[in-house]
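The values are calculated or read from the model by the stated rules, or taken from the named source; none is laboratory data. Since the structure is predicted, the reported quantities are computational estimates derived from the model, not experimental observations. Every residue, glycine among them, receives a Cβ derived from its backbone with ideal geometry; neighbour counts consider all protein chains shown. SASA here: full protein model, heavy atoms, side chains in, ligands and nucleic acids out. Shrake-Rupley method; radii C 1.70, N 1.55, O 1.52, S 1.80 Å.
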Amino acid sequence: MTANTIYNKFKGLTSLLVIPLTALLLSGCSDFLEIEPRTEIVLEKFWTEKADVDGIVSGCYSGLQSESCIRRMIIWGEARSDNMSPGTNIDQDGNLMNILNENITAKNGYTSWVDFYNVINRCNTVIKYAPQVASLDPGYTESELNATIAEMTALRSLCYFYLIRTFCNVPFSREAYIDDDQKMDLPASTFDQVLDSLIFDLESVKDMALKRYPTTKPAYQTGRITQDAIYSMLCEMYLWKQDYNNCIRYADLVIESKKRLAEEYRSANRNSSSENDNRTNGYPLLSNLYQTNMYGRAYNAMFTLENQEINQQEIIFQLIFSDAPRSQAMPANSAVGWLYGSATTEVGYLAPSDYIFSDIDKTSGRTVFDDKTKKWDGRMYLNCSASSKSIKKYGASSFDISVIQSDLSISYGSKWPTYVIGRDTYQDNGSNWIIYRLSDIMLLKAEALSQLLRDGSEQEVIAYNTPILEQAFNLVNAVNKRSHCQNILVDTLVAGDYLTKEQMQNLVMRERQRELMFEGKRWYDLVRRSRRDGNTTVLTQAALQKVSTGSALIGNKLTKMDAIYWPYNFDELKVNKNLVQNPAFSSGENESYE
C-alpha cells in the first residue's frame with residue numbers, strides 16, 4: 001500500500017464526512033467540525049458515540065458506490081472478455097479502448113486501485129475505533145459492535161477480493177493508516193496469502209453479522225452486508241482456493257436461507273408458485289412469468305424495480321443507487337450510464353461483441369446460448385438488443401417479452417434520463433449494482449461439484465460421478481429453465497449431453513456467461529479457470545472470439561499466465577519501491593509489453 005492510495009492523518013477521516021450519503025447522518029457534527037482543528041477532531045473528539053461509527057460506515061458504502069469503483073468493477077470484470085466490444089464515443093476514453101484491444105500498460109488510468117484502498121482504509125479505521133466508541137457510548141451494545149466489525153471486515157475483504165482477482169499479488173494490511181509516521185510502502189503479498197487471510201477473517205466474523213435487518217429498513221436487506229453476503233463471499237473464495245467442499249457448504253447455507261425467505265413471502269402473501277418451483281427444480285429463484293404469455297418479471301425485479309421485498313428473495317448483496325439523486329440525496333449509477341448507455345446515447349462506451357450477436361443469430365452450432373433453446377431463452381434479449389447493438393441489462397428501465405404463438409415481441413423501457421445542470425452532465429441510471437444473487441451462488445456450487453468429478457469410464461468412476469453430475473445438472477438446468485419463455489414446461493438442457501467432467505464444467509461456464517453477462521463476472525471466471533487448469537488456453541480462446549485484427553499478437557500475449565492480470569499503475573511504482581511490476585508488462589518504465 002502506498003502513500004498515494006491511502007488517507008493521511010488529517011485528510012482521511014475528515015474527508016469521509018462530506019460524502020452525500022453521510023451528510024444527514026452527520027449533520028449534528030457540522031458545527032463542531034467547523035470550529036475544531038481537524039487533527040483534534042479525528043484523533044481525540046470524533047470517535048465518541050455510535051453516530052460517529054454509523055457515519056463512517058455509510059462512507060465505506062459510499063466509497064464503493066463511487067463512479068470510479070463501479071467503472072472498475074465493470075471494466076476489470078468484463079472489458080477484456082469475449083462479451084465486450086467498443087461502443088459509441090469510445091474514442092473519448094482511450095484507456096478503455098486500449099483495454100478492449102488488449103493493449104494495457106502501466107500508465108492506463110484503469111490500473112489505478114486508489115479508490116479500493118481508500119475504502120479498505122475506511123473499514124480498517126472503523127474496526128480500530130469502534131471498540132473505543134463502545135466503551136464510551138452505553139447505547140452502542142456489544143452485539144452492535146460485533147455486527148459493525150463483521151460488516152467492515154466483509155467490505156474490506158470484498159475490496160481485497162476485487163484487487164487480487166485483478167492484479168494477483170497486492171499489498172495487504174489490516175492496519176488503519178492515520179499517522180504520517182506509519183510505513184505505507186508495503187510489498188505485495190501473494191494471491192494465495194491474501195486469499196487465505198480473507199477467508200480467515202470472514203470465518204472469524206461470520207457469526208457476528210446480522211442475519212437480516214429490521215423490516216422497517218427494506219433497502220438494508222440487500223444494500224448492506226448480511227450473514228448471507230458473507231456466506232456468498234466465502235462460497236466464491238473457497239472456489240478460487242479450490243476447496244470445493246467448503247464452497248458447496250456455504251452455497252447450501254445461502255440457498256437454504258433464500259428458501260426460508262421465499263416460504264415466508266408465500267405465507268404472508270398467500271400465494272403459491274408451484275409452477276415456478278417445477279420450472280426451477282425447487283430452487284427459490286424469482287419467477288420470470290408475469291402472466292400467461294408474458295415474461296420478464298424476474299429480471300425487472302432484479303435490475304430495474306425498487307421493490308425490496310420482492311428482489312431480496314433473490315438478491316443477496318447490491319450497491320444501492322437512485323434514478324432521482326437530486327431529490328433523494330443518493331447517487332445515481334452514472335458508471336453504467338456512461339459505459340452501457342443512457343437516455344441520450346443508447347449505446348455506451350461498451351457494446352456487446354459481434355461474437356455474442358452472431359451466437360444469438362445462429363440456430364445451430366452456438367457456443368454461448370444453447371441450440372436446444374432456439375429463440376426462447378429470454379436472456380438473449382435481456383442482455384442486449386440485436387437491433388440497436390446495445391447492452392440492455394442495467395441499461396433499460398424495463399423489459400418485457402410477449403409470446404404470441406411462435407413469435408416473440410420484445411419491449412424495453414427507455415434508458416434512464418440524462419440531466420444537464422449548468423456545465424455538468426449527469427447520467428442518472430437508476431440501476432442498483434448487484435454483487436451477489438442466488439443464481440450466481442447456485443452456479444458457483446455447480447462449478448465446485450464439476451471439479452469433484454473424476455475422469456474415466458470405469459464402473460467405479462461412473463458410480464461415483466452419477467450423483468454429482470445429477471446435482472450439478474439440476475442447478476444449471478434450474479437457472480436455464482427460469483429464463484425459458486414458453487408456457488409449456490420443458491427441459492431446456494438434456495442431462496445425457498453432460499456426462500464427463502469436461503462437459504459439465506464447460507456447461508457451467510456457458511451458463512454463467514449467459515446468466516451473468518455484463519455483471520462484472522466473465523473475465524474473473526476465465527481467470528479462475530486458467531488458475532485451475534494451469535494454462536490460459538480457454539481464456540485465450542474466449543478473448544480471441546471478439547478480435548478481427550491482431551489476433552496473433554493478442555494470442556501470444558495471453559499465453560503468459562501473468563498477462564491475465566493487470567499491471568501495477570505507473571504512479572504506484574514510483575512511490576512504492578517495494579512493488580515489483582507484473583513481468584508480463586515489462587518494468588513499468590515504458591508503456592508496452594516486453
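List of remarks:
- Unique residue being open to solvent by 10 Å² or more (accessible area, probe 1.4 Å) and more than 30 Å from K501 (Cβ to Cβ) when the list is D354, D428, D371: D354
- Filter result for S322 (at pLDDT below 90 and either open to solvent by less than 10 Å² (accessible area, probe 1.4 Å) or touching a strand residue (DSSP E or B) at 6+ places or on another chain (Cβ under 6 Å) (or both)): yes
- Scanning the range 481-507 for residues that are modelled with pLDDT of 95 or more and open to solvent by less than 20 Å² (accessible area, probe 1.4 Å) gives M504, Q505, L507.
- Options N121, N98, N103, N89: the member that is in contact with a Phe, Trp or Tyr (Cβ under 7 Å, 6 or more places away or on another chain) and under 25 Å from K574 (Cβ atoms): N121
- The set of residues from the range 344-368 being assigned to a loop (DSSP other than H, G, I, E, B) and closer than 13 Å to R514 by Cβ comprises R366, T367, V368.
- Scanning the range 64-82 turns up no residue that is in a helix (DSSP H, G or I), at pLDDT 50 or above and more than 24 Å from the chain's Cα centre (by Cα).
- Residue count for the range 509-543, restricted to those that are part of a loop (DSSP other than H, G, I, E, B) and open to solvent by less than 10 Å² (accessible area, probe 1.4 Å): 6.
- Matching residues, the range 493-508, being outside any loop (DSSP other than H, G, I, E, B) and touching a helix residue (DSSP H, G or I) at 6+ places or on another chain (Cβ under 8 Å): A495, D497, K501, Q503, M504, Q505, L507, V508
- Residues in the range 386-397 that are out of contact with any Leu (no Cβ under 7 Å at 6 or more places or on another chain) and closer than 18 Å to A79 by Cα: 4 in all.
- Qualifying positions in the range 89-103 - modelled with pLDDT under 95 and of a type in the set (D, E): D91, E102
- Scanning the range 197-235 for residues that are at pLDDT below 95 and outside any helix (DSSP H, G or I) gives R212, Y213, P214, T215, T216, K217, P218, A219.
To keep it simple, each residue is scored yes or no on (1) open to solvent by less than 30 Å² (accessible area, probe 1.4 Å); (2) of a type in the set (S, T, Y); (3) touching a Ser or Thr at 6+ places or on another chain (Cβ under 8 Å).
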| site | (1), (2), (3) |
| --- | --- |
| W113 | yes, no, yes |
| K128 | no, no, no |
| Y140 | yes, yes, no |
| S143 | no, yes, no |
| N146 | no, no, no |
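- Flag if V254 is farther than 17 Å from I441 by Cβ, open to solvent by less than 20 Å² (accessible area, probe 1.4 Å) and either in contact (Cβ under 8 Å) with a residue 12 or more places away in the chain or more than 16 Å from the chain's Cα centre (by Cα) (or both): no
- Counting the residues of the range 280-297 that are assigned to a loop (DSSP other than H, G, I, E, B) and under 25 Å from the mean Cα position of the chain (by Cα) gives 8.
- Strands (runs of 3 or more DSSP E) lying entirely in the range 369-470 (those with 3 or more residues that are modelled with pLDDT of 90 or more and more than 15 Å from C485 (Cα to Cα)): 433-437
- Which numbered condition Y177 fails, given (1) open to solvent by less than 10 Å² (accessible area, probe 1.4 Å); (2) in a helix (DSSP H, G or I): (2)
- Residue match in the range 187-196 (condition: open to solvent by 20 Å² or more (accessible area, probe 1.4 Å), over 26 Å from M442 (Cβ atoms), assigned to a loop (DSSP other than H, G, I, E, B) and not small (G, A, S)): yes
- Whichever residue in the range 544-569 is part of a helix (DSSP H, G or I) and at pLDDT 95 or above and, among such residues, is farthest from W113 (Cα to Cα): M561
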